[in-house]
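Worksheet: the structure to be examined is printed underneath.
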Amino acid sequence: MTRQQVLDLYFLDARHQLVELAAFLDRVQRAGGRDDFRLKAFHVALGELASGKQNKAKRVLLAFSDPTTKPVAKAEAKGACGAARPRPVVAQRRRRTPPATS
Amino acid sequence: MKYIEPHAHMVSRVTDDYERMALAGCVAVCEPAFWAGFDRSSPAGFHDYFSQLSEHEPKRAAKFGLQHFCWLGLNSKEAEDVKLAEEVLALIPEFLDRPNVLGIGEIGLNKNSRNELRVFEMQVELAARHHQLILVHTPHLEDKRKGTRLILEVLQNDRRIRPERVIIDHVEEHTVELVLAAGMWAGMTLYPETKCTPARAVDMLENHGQERLWLNSACDWGVSDPLAVPKTAREMKRRGHSAATIEKVVFQNPGQFLRQSPHFKL
């Protein structure tokens, strides 16, 4: 398809989805309380939309993905929440702290 | 247009869905064993379920002119209990010779835990021992990329597993390349809210070609659409894809993979 054909076929739907996204962010901003890791990941993903890079869908999905590589000790729940939870602070400290002796 | 629905959980659907699928051109439906929405309390519950998939459901489908096939396995959501898993897996061999059983599936990971991985390895072993095809479920949302990598690692480390006999399902833009590069088949699941929309599925087909890719609805007891495959075929048509290309994706490709099982005969 030409770019014109893609715009003719998908522009209105994409515009609709973008307005929905904007309204969601307004709703979050209006609401009291704290942010959490999901909103943080959301803003990282939004940054990908405005970038001039290719493969935006893949980049958005990666922004929400768990970057770790090892299996977790136990499945504590069955569902997924859509964004990777931050790693435990203790584990992060362990990784950052150099060995006490060598 | 005729098509194959290679992944649908028909035990969760009403007979109207069978009728609508048949009217839309579906000739065969393949049903992987999955999570019922709650944990079963004993291996006997799985035995009944495997009997339902291999005895009762084919009869229900046949009333609407559809052939019904199934995959047997323990889904990853119930794989945290390794003892239960061992007991359930011990039941499976007695079903493998039934005429509509295609292989081991859907197996895989859900939260990428150690026990899930252990049970996945046990099921890969079962498939290898019995020369079965494998259908793999990949985790949801934030867990998908990591889980897909762990799954591929297990499969690639087992020299008995031939990649062309494995379908890795529920791929999205951040996992499809990993799967295809491993020489395996990739399934794109069309869900209204998560996984993949028809437009994104067609994007992936345009970006990665039409080899070793199939489309499925994975319709079940949740928000899902048993007509998602023909709707995606319509999306391909809207973009100007030829009838031959559409038939390749929705009929020939799944047939090519599934015919590797001697039980898949249309």
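The values are calculated or read from the model by the stated rules, or taken from the named source; none is laboratory data. Just so it is clear, the structure is predicted and the values come from calculations on it, not from any experiment. Positions of Cβ are generated from backbone atoms using ideal geometry, with glycine treated the same way; all protein chains shown enter the neighbour counts.
Per-residue answers, yes or no, for (1) surrounded by fewer than 22 Cβ atoms within 10 Å (Cβ to Cβ); (2) farther than 20 Å from B:HIS130 by Cβ; (3) at pLDDT 95 or above:
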site: B:ALA79; (1), (2), (3): no, no, yes
site: B:LYS83; (1), (2), (3): yes, yes, yes
site: B:VAL88; (1), (2), (3): no, no, yes
site: B:ARG98; (1), (2), (3): yes, no, yes
site: B:ILE104; (1), (2), (3): no, no, yes
site: B:SER113; (1), (2), (3): yes, yes, yes
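Can you tell me which residue in the stretch A:11-64 is surrounded by the fewest Cβ atoms within 10 Å (Cβ to Cβ), limited to those that are β-branched (Val, Ile, Thr) and within 17 Å of the chain's Cα centre (by Cα)?
Taking the candidates together, the pick is A:VAL28.
Please name all residue pairs, on different chains or six or more residues apart, with Cβ atoms under 6 Å, provided the first residue is in the stretch A:58-79 and is more than 7 Å from chain B (Cβ to nearest Cβ) and the second residue is surrounded by 16 or more Cβ atoms within 10 Å (Cβ to Cβ).
Close Cβ pairs satisfying both conditions: A:ARG59/A:GLU48; A:VAL60/A:ALA45; A:VAL60/A:GLU48; A:ALA63/A:ALA41; A:ALA63/A:ALA45.
For (1) more than 24 Å from B:MET188 (Cα to Cα); (2) of a type in the set (A, V, I, L, M), each residue gets a yes or a no:
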position	(1), (2)
B:PRO6	no, no
B:MET10	no, yes
B:ALA24	no, yes
B:GLY45	yes, no
B:ASP48	yes, no
B:GLU80	yes, no
B:LEU89	yes, yes
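Do we have B:GLU94 as at the interface with another protein chain (Cβ under 9 Å from one of its Cβ atoms), in a helix (DSSP H, G or I) and either in contact with a strand residue (DSSP E or B) (Cβ under 6 Å, 6 or more places away or on another chain) or free of Cβ contacts under 8 Å to residues at least 24 places away in the same chain (or both) here? Please lay out each step first, then the result.
On the way: at the interface with another protein chain (Cβ under 9 Å from one of its Cβ atoms): no; in a helix (DSSP H, G or I): yes; either in contact with a strand residue (DSSP E or B) (Cβ under 6 Å, 6 or more places away or on another chain) or free of Cβ contacts under 8 Å to residues at least 24 places away in the same chain (or both): yes.
It is false that B:GLU94 is at the interface with another protein chain (Cβ under 9 Å from one of its Cβ atoms), in a helix (DSSP H, G or I) and either in contact with a strand residue (DSSP E or B) (Cβ under 6 Å, 6 or more places away or on another chain) or free of Cβ contacts under 8 Å to residues at least 24 places away in the same chain (or both).
Given the criterion charged (D, E, K, R), more than 19 Å from B:ARG145 (Cα to Cα) and modelled with pLDDT under 95, identify the matching residue among A:ARG94, A:ARG85.
Numbers: A:ARG85 fails: more than 19 Å from B:ARG145 (Cα to Cα).
Only one candidate passes the filter, namely A:ARG94.
Can you say whether B:VAL176 is more than 14 Å from chain A (Cβ to nearest Cβ), crowded, with 17+ Cβ neighbours inside 10 Å and of a type outside the set (S, T, N, Q), as far as the supplied structure shows?
Numbers: more than 14 Å from chain A (Cβ to nearest Cβ): no; crowded, with 17+ Cβ neighbours inside 10 Å: yes; of a type outside the set (S, T, N, Q): yes.
No: the conditions fail for B:VAL176.
For the stretch B:126-229, which helices (runs of 4 or more DSSP H) that fit wholly inside it have 3 or more residues that are farther than 22 Å from A:ALA63 by Cβ? Steps first, please.
Values: elements: B:144-157, B:176-181, B:198-208.
Output list reads B:144-157, B:198-208.
Select from the stretch B:107-125 the residues that are part of a strand (DSSP E or B) and more than 8 Å from chain A (Cβ to nearest Cβ) and write down the one among them that is farthest from B:GLN260 (Cα to Cα). Lay out the reasoning, then the answer.
Within the stretch B:107-125, the subset part of a strand (DSSP E or B) is B:107-108, B:113.
So of that shortlist, the ones also more than 8 Å from chain A (Cβ to nearest Cβ) come out as B:107-108.
Values: B:ILE107: 18, B:GLY108: 21 Å.
Per the stated criteria, the residue is B:GLY108.
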